[in-house]
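What follows is calculated from the coordinates using simple rules that are stated; it is not laboratory data. Computed from a predicted structure; not experimentally measured. All Cβ positions, even for glycine, are placed from backbone atoms using ideal geometry, and neighbour counts span all protein chains on display.
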Amino acid sequence: MHTTHEPARDADARLKSRNRRTALVLLSIAAVFFVGIIATRFMDGSATGIGVMGSAVLLFLVVAIGRNLRGKA
Amino acid sequence: MSSIAHDHAPGYGHDDHAHRPSGIARWLTTTNHKDIGTMYLWFSFTMFLVGGVMAMIIRAELFQPGLQVVNPEFFNSMTTLHGLIMVFGAIMPAAVGFANWQIPLMIGAPDMAFARMNNWSFWLLPPAAILLMTSLFVPGGAAAAGWTLYPPLTIQAGMGMDLTIFAVHILGASSIMGSINIITTILNLRAPGMTLMKMPLFCWTWLITAYLLIAVMPVLAGAVTMLLTDRHFGTSFFNAAGGGDPVLFQHVFWFFGHPEVYIIILPAFGIVSQIIPTFSRKPLFGYASMVYATAGIAILSFIVWAHHMFTTGLPTAGILFYMYATMLIAVPTGVKVFNWVATMWRGSMTFETPMLFAIGFLFLFTLGGFTGLVLAIMPVDVQVQDTYYVVAHFHYVMVAGSLFAFFGGAYYWIPKWSGTMYSEKLGQVHFWSSLISFNVAFFPMHFLGLAGMPRRIPDYAQQFADWNMVASIGAFWFGATQLVFLWAMVQCARGKGPRAPAKPWEGADTLEWTLPSPAPYHTFETPPVVR
């Protein structure tokens, strides 16, 4: 009984964690846009906007590539 | 879509073992995507009626030249609230309602990925609507600067503006949560075999819309936050007296505002892309090109915002860029229109109410798109900026575009939602009356705009009187016609009508039609396998 239910529970937990990861990535994109637009205007320069967006894109790339490499390892 | 294997687990398709709470608790605490979809749809229709009453007040005032029904300040509040309520309270929640009902059913998911957050996304809407409506009763009245909330008017306005800003914040939060939910559901909860390129086009259009929302709603939230700090915390983002720049707000607002147009229209494209193949009894022509065209429209929508600002004094190079980029959107849009027409070509077509609304959409949206192309030409835009030509253009896109598609979608799926067939007679009356009255109301606005009648002004010169009277009659007629729709839907909700079979439409081939009608409270607990 215990062993038959175990894989289903694992799959459920994996799905939940995958959902949470997807949501967090999307939420962080929204946060970057919200903070970025105010920061750009507050610091009065388009360089800030490009900086915020560039850093965000780099960060997402590092996280995505890092996760991929860790998965392969 | 490819064939669907009925890989039923025991009890699959008969899983109406609903253990739902009853009464008000069911609706307050529900995490079921169907219940939440229903609430979204009723909420949006209620707000549609509220916004519609405001439109009637506007048209009553404009029935004749002179001031006769309301004072100018109240008229300005009406135009502002009508826009905000229709965009944020009626059209967007309606699209989310369709998404809630249909996306899990179409991809074979048991529910949305974050069911509790789904409940919260919906229940944020009523407080926001109350804030907007309450603003009418505070000192200084409601926001009256237009739905675009341009400073300096919005910096100088009374407390009603603060309520509007908070309402926009809440609505934005709700939209972002809804979008996260939709993207996560589509990416992670598709049934086995349901690859992205096998998904019904409605799911594709919503996936792309949700990404658009996540990118632009925070920008609007940022803009109104800056407006709030300018009003109360001594900053000068947009306050010229403190060194700020009011035009900056327009850039930020339209960076949100133009993609918003596509946020409103893309789900409508998705609905029409389901209806036309069904009633043409042919697969959608050029499915892959439809997906790429949708993505193309979404990407282009980010680089055209300043075509709303041609008269603010942009550099020539900027004007040329925004003009050509805007015209470029006609290419993927044209691909879509061509594909819909090609789907109908030599199809075995029938003209039930959903198909009528889809064809009405196709005809009138194309007209609205064409006037958009006219407005993209900067020398023309300078002439008709802020005239009724613009009002006519965007109502052809938003009302005859989105709203007609949503009406079509409601008639198309109501048998699955309620288990009852709608009255075809009422549906036909609703369509033909809407089609004629809509054109009576909005087509003359092209003439008024070209003749120079400015928008958002409660009085006008005698030369505009005749067409304004015609437009007002059309608007009252269009408003009254929507009660037919309400009656048709209430009849279905009450089960008054013939029982709907599992698949009432011969040409329908998506996953929801494999379920009984009405769809059971819990569906696809065992995922179907799509081949």
Item to check | Karplus 3J(HN,Hα) series, Hz, for segment B:198-215 with 6.51 cos²θ - 1.76 cosθ + 1.60 (x for Gly, Pro) | outcome: 9, 5, x, 4, 4, 5, 4, 5, 6, 4, 5, 4, 5, 5, 4, 4, 5, 7
Item to check | Per-residue Cβ neighbour rank within 10 angstrom, fewest leading, B:PHE114, B:PHE279 | outcome: B:PHE114, B:PHE279
Checklist outcome for this item: Taking only the alpha-carbon positions of the protein assembly as shown as identical scatterers, the Debye log10 I(q)/I(0) at q = 0.12 Å⁻¹ comes out as -1.32
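Count charges around B:ASP162 for me, please; just the other residues with Cβ under 15 Å from its Cβ, Lys/Arg as +1, Asp/Glu as -1.
Here the charged neighbours net out to 0.
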Checklist entry - What's the angle, to the nearest 10 degrees (0 to 90), between helix B:388-397's Cα axis and the longest principal axis of chain B? => result 10 degrees
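Cα-Cα over 22 Å: which of A:LYS16/B:LYS198; B:LYS34/B:LYS425; B:LYS198/B:LYS282; B:LYS34/B:LYS282; B:LYS282/B:LYS503?
A:LYS16/B:LYS198; B:LYS34/B:LYS425; B:LYS34/B:LYS282
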Checklist outcome for this item: If one compares the long axis through the Cα atoms of helix B:246-280 with the longest principal axis of the Cα atoms of chain B, the angle in degrees, nearest 10, works out at 30 degrees
Checklist outcome for this item: Helix B:353-376: inclination vs chain B longest Cα principal axis, degrees, rounded to 10, gives 30 degrees
Item to check | Overall dimensions of segment B:302-459 by Cα: Rg and Dmax, Å | outcome: 18.4, 58
Checklist outcome for this item: Expressed in nanometres to one decimal, the distance between label points 7 Å along Cα→Cβ at B:ILE24 and B:ASP245 is 5.2 nm
Checklist entry - Which whole-angstrom value gives the distance between the alpha carbon centres of segment B:485-527 and segment B:360-384? => result 37 Å
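How large, in Å, is segment B:223-318 by the Kirkwood hydrodynamic radius built from its alpha-carbon pairs? The partial results should precede the final answer.
On the way: mean 1/r = 0.0612 Å⁻¹.
It is 16.4 Å.
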Checklist outcome for this item: Expressed as a whole number, the average count of other chain Cβ atoms within 10 Å around the Cβ atoms of B:219-228 is 3
Item to check | Per-bin percent of Cα-Cα distances, chain B [20 Å] | outcome: 22, 58, 20, 1
Item to check | Long-range HN-HN contacts of B:THR420 with modeled amide H, under 5 Å | outcome: B:ALA500
Checklist entry - Whose amide H sits under 5 Å from the amide H of B:VAL529, counting only residues 5 or more places off or on another chain, with H placed in the peptide plane? => result B:ALA5, B:ASP7
Checklist entry - R0 = 25 Å: FRET efficiency of A:VAL35 with B:THR134, Cβ-based, nearest 0.05? => result 0.25
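Efficiency by 1/(1 + (r/R0)^6): what FRET value for B:ILE299 and A:LEU61, r their Cβ-Cβ distance, R0 = 25 Å, to the nearest 0.05?
Numbers: r = 19 Å, r/R0 = 0.77.
Here the calculated transfer efficiency is 0.85.
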Item to check | 5 angstrom amide H check on B:THR387, placed H, neighbours 5+ away | outcome: B:ARG455
Checklist entry - Full extension from B:ILE473 to B:SER289: what is 0.36 nm times the residue separation minus their Cα-Cα distance, to one decimal in nm? => result 62.1 nm
Checklist entry - Can you give the direction-averaged projected area of the convex hull of the alpha-carbon atoms in segment B:278-348, in nm²? => result 5.5 nm²
Item to check | Centroid-to-centroid separation of segment B:285-358 and segment B:125-199 [C-alpha atoms, Å] | outcome: 25 Å
